[in-house]
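No lab work stands behind these numbers, since they all come straight from the coordinates. Please read these numbers as outputs of a predicted model, since none were measured by experiment. Please note: Cβ atoms are built from the backbone with ideal geometry, for glycine as well, and neighbour counts cover all protein chains shown.
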Amino acid sequence: MSKVALSLLLSLCSDAVRKSYKSSNGVGTVSSVYTFGAPHVSNPALKKKDGSCFTGWRFINYQTDWFMNNEDIVPTLLVASSYNHPHQVTLRLDDSKKDGIKGTYDCGKNDFRITHPDISLHMKEVYNKRMQKLPNREAYSKKVSRVGLMNSYEPNVNLVKKNIQQDGYRLVAQATEGKDHVNLMQDTEDLSCIITFEGSDNFNDWKSNAAILRVSFCGLPMSVHHGFRNELRRIVDTKAFQNDVRPKLGKCSRVDATGHSLGGAVAMLFTTCVDWQNGSNDYNKMSWTQEDAVSMSSI
C-alpha cells in the first residue's frame, strides 16, 4: 500500500471520524471496537448486519527483522482451522517505524505472509508501549489502550479507579465471574464509555481457547468459536452484568468495546451480537435501550 493510500485510510479510520451513536429507535449498539492481539473468531468472518466493516481497529504487533519479520503469535494460531478474523481494518504496530505503524490490512483482509510467531509480542504492556507511539490523530485509540487495555485484567476496583482517573474516567460498573471480569468506564467530559473484556490469565481461559468447535451464537449466520462464545456467555449471565453493567450502558453517550487476546475475541462477539438486533436469547441478555447520557457515579 502506498504512503498516500495508507495516510488516507488512517485518516478515515482515525478518531476524527468517530461519532457518538444514538439510534433513532432507542436501541443501543457498540460504536467502535478495539482489539489487541485477538485470535480468529468465526467462519465466515463476522460482519455488521448491513454487511459493512466494524469501526475501530484490530491491532497486531510486528517486529521488523533482517531475515524474517516477527509477529504476535496469537492472531496466527487458528489459520489452519479456517476460522476468520472479522471485517475490520487491521493496523500493524511496529516500534522500528518512526510513527509506530508497519501498515494496514483492508477490512476483512488477512494478507498471506511468512513471519516468525513471537509470544513476547503478545504481552499487553508491549501493545500499550507501541500504541503510545502512534500519531496524535490516534489520540483516542491511545487512550483506549491506556484506560481499557491496561486495566482489563485488573480485578482490584480501587486500583482501576486510580489508574483511569488521570485520563478523566470513572469506573461505573464491574461484573466478575471467577477470575474474569468486565469493566465499564465513563469519560467524565463527553460521557462516553469503554467496556472491557478480560483476556486469558487462568486455566479455564486456556480451556476456552482450546475449544475450537464451531457453534451457533446470537442467531448469527456465522459459526463462532465454542470457547469464545462460552466465555462471553459466562460473564453476561452473571447478576452483576445484568443488574449493574447492562442498565448503565444506555446512560453512556457512546459505548466502545475493547479486549486483549481472548478478551478481544469476546469483545468482537459482544459487538456483533448487539449490532444484529435479532431478538435471540443471547441478544436479549446483552442489549440495552439508549437513553439520554448522564454522568454516573464511580462504584
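Report for the range 147-260 the percent antiparallel among DSSP-assigned beta bridges with both residues inside it, nearest 5. Rounded to the nearest five, the antiparallel share is 75 percent. When Cys53, Cys252 are arranged by Cβ crowding within 10 Å, least crowded first, meaning fewest neighbours, the order is Cys53, Cys252. Between Ser141, Ser52, Ser200, where does the largest GNM mean-square fluctuation fall for the chain, given springs only between Cα atoms within less than 10 Å? In the Gaussian network model the winner is Ser52. Of all DSSP beta bridges confined to the chain, the antiparallel ones make up roughly 55%. Across Asp275, Asp111, Asp256, mean-square fluctuation computed from a Gaussian network of the chain (C-alpha pairs under 10 Å connected) peaks at Asp111.
Projected over all directions and averaged, the alpha-carbon convex hull of the chain occupies 14.4 nm². Arranged from fewest to most other beta-carbon atoms within 10 Å of their beta carbon, Arg137, Arg233 become Arg137, Arg233.
The order of the peptides 154-164, 100-110, 217-227 by mean Cβ neighbours within 10 Å, most packed first, is 217-227, 100-110, 154-164. List the aspartates and glutamates whose Cα sits under 20 Å from the Cα of Lys102, skipping any in the same chain fewer than 8 residues away. Counting by Cα, and skipping residues close in sequence, Lys102 has these aspartates and glutamates nearby: Asp15, Asp65, Glu71, Asp72, Asp94, Asp111, Asp118, Glu125, Glu138. Taken over the range 118-270, the ratio of Cα radius of gyration to 2.2 N^0.38 Å equals 1.03.
Counting neighbouring Cβ atoms within 10 Å and putting the fewest first, the residues Glu125, Glu291 line up as Glu125, Glu291. Spin-label pair Lys179-Thr289: with each label point 7 Å from Cα along the Cα-Cβ axis, the two points sit 4.0 nm from one another. Label sites at Met123 and Ile212, each approximated as a point 7 angstrom past Cα along Cα to Cβ, lie 2.7 nm apart.
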